[in-house]
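Take a look at the structure set out below.
The values are calculated or read from the model by the stated rules, or taken from the named source; none is laboratory data. Remember, it's a predicted structure, so these values are computed and weren't measured experimentally. Note: ideal-geometry Cβ built from the backbone for every residue, glycine included; neighbour counts use all protein chains shown.
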Amino acid sequence: MRSGVSSLSDVTHTDLDALADGAVLAGPDGRVTAINTVAARLLGAPDDALGKPLDEVLALQDHAGCAWVATNTPYEGLPTRTAIPEQAWLLPDGTEVLTVARILRPSLDAPVEQVAVSIRSGRGRARLDRERSDLVATVAHELRSPLTGVKGFVHALLNRWDKLSDDQKKLMLTTVSVDSDRLSRLIAELLDVARLDTGRLQLYPRPSDVTVLTGRVVDSVAAGTSRTIELTTADGLPQVTVDPDKFTQVVTNLVENAVRHGEGTVRVDVDQHGDDVRLVVRDEGDGIAPELRRRVFTKFWTAGTGGGSGLGLYLVHGLVKAHGGTTTIDDAPGGGARITVDLPVGPRS
């Protein structure tokens, strides 16, 4: 039995009609041997499409008006060619579709026996393009605000240095430093998002005192807000094997999210829960509706008008999972949102 060739040759029209994508098969003479319902509908193929030349049935063109078959010449080229990679083409009505093709030969020295073309809607690609556009818009917005501050204060310092008091200079330089840190953190978040998405995130775990790390974050965030942040930690907590920088990033995103979107006092609790160390961040706001909680950890999710990149909680979920922990959302006592992070005390498995 010839591997691959016979499996497609034995496919029935019923099998092809069960596919979600369009499928067109052509034989060694370049004529259509099978076409499923999806492909016929997309291509506007006639009822007597079987037996017609592939270039007539596969009515796809690029923006320059070139046809799919003439451009890809599936029956020509090197005998080692077995496929045509995904490409974007236009249907007769101008709708974009994505195509992939297999080129089947009995052997390298034999002519093409079958060409199988798969056609699917370009909506998925359009959605990906929109997501990329959203990312660009989000990054541009988030970068512009601190950059504007940095540029403004640097300009003032350069042009009015002799007229400014030492206290004014110190205040401006401090603001520039804070905005620069914000830019650095945003860039680090974007890099981590890319690493999470591609599975290339690297961790450098070591036994760490989460009480100390959490306390530093709370002090840092509290210095930049008028909101009250209360930290409660249990005594005698064991060290947790985590990447200190990534854990700090998790706590920072949770606390800043509570400050940005919540109301009242933000409470941060660290204690032990079974074999885990548990971090709880809660606020006194409106909380997060149960039907929205699955969306909270997706990219670009934001609530209300508090701003933010929409990447913070996505990173929290990904970084905690990378450490072998879990993240859950529920209602805080008395109202508001409560986000709980459980991290194993020992090394992640």
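If the condition is being among the small types (Gly, Ala, Ser) and under 14 Å from Gly22 (Cα atoms), then region 50-87 contributes only Ala59.
Exactly one residue among Arg200, Arg195, Arg206 is surrounded by fewer than 18 Cβ atoms within 10 Å (Cβ to Cβ), among the basic types (Lys, Arg), under 25 Å from Ala322 (Cα atoms) and in contact (Cβ under 8 Å) with a residue 12 or more places away in the chain, and that residue is Arg206.
Residue-wise test of (1) touching a helix residue (DSSP H, G or I) at 6+ places or on another chain (Cβ under 8 Å); (2) closer than 19 Å to Gln239 by Cα; (3) modelled with pLDDT of 90 or more; (4) small (Gly, Ala, Ser).
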{"position": "Asp276", "(1), (2), (3), (4)": "no, yes, yes, no"}
{"position": "Asp286", "(1), (2), (3), (4)": "no, no, no, no"}
{"position": "Leu292", "(1), (2), (3), (4)": "no, no, no, no"}
{"position": "Val320", "(1), (2), (3), (4)": "yes, yes, yes, no"}
{"position": "Gly346", "(1), (2), (3), (4)": "no, yes, no, yes"}
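When restricted to residues that are under 19 Å from Leu16 (Cα atoms), out of contact with any helix residue (DSSP H, G or I) (no Cβ under 6 Å at 6 or more places or on another chain) and either assigned to a helix (DSSP H, G or I) or at pLDDT 85 or above (or both), region 115-143 contains 4. Looking at this structure, is Asp243 in contact with a Phe, Trp or Tyr (Cβ under 8 Å, 6 or more places away or on another chain), crowded, with 19+ Cβ neighbours inside 10 Å and on the phi < 0 side of the Ramachandran plot? Judged against the criteria, Asp243 is a match. Under the condition of being surrounded by fewer than 13 Cβ atoms within 10 Å (Cβ to Cβ) and over 15 Å from Arg278 (Cβ atoms), the residues counted in region 217-237 number 6.
Looking only at region 35-80, residues that are at negative phi, hydroxyl-bearing (Ser, Thr, Tyr) and exposed (fewer than 13 other Cβ atoms within 10 Å of the Cβ) come to 1 in all. It is to be established whether one or more residues within region 50-60 are more than 23 Å from Arg105 (Cβ to Cβ), without any contact (Cβ under 8 Å) to a residue 12 or more places away in the chain and more than 38 Å from the chain's Cα centre (by Cα). Yes, because at least one residue in region 50-60 is more than 23 Å from Arg105 (Cβ to Cβ), without any contact (Cβ under 8 Å) to a residue 12 or more places away in the chain and more than 38 Å from the chain's Cα centre (by Cα).
Looking across region 310-333, the residues that are part of a loop (DSSP other than H, G, I, E, B) and more than 11 Å from Asn253 (Cβ to Cβ) come down to Gly310, His323, Gly324, Gly325, Ala332, Pro333.
Candidates are the residues of region 183-208 that are in contact with a Leu (Cβ under 8 Å, 6 or more places away or on another chain) and among the acidic types (Asp, Glu); the one that is modelled with the highest pLDDT is Asp192.
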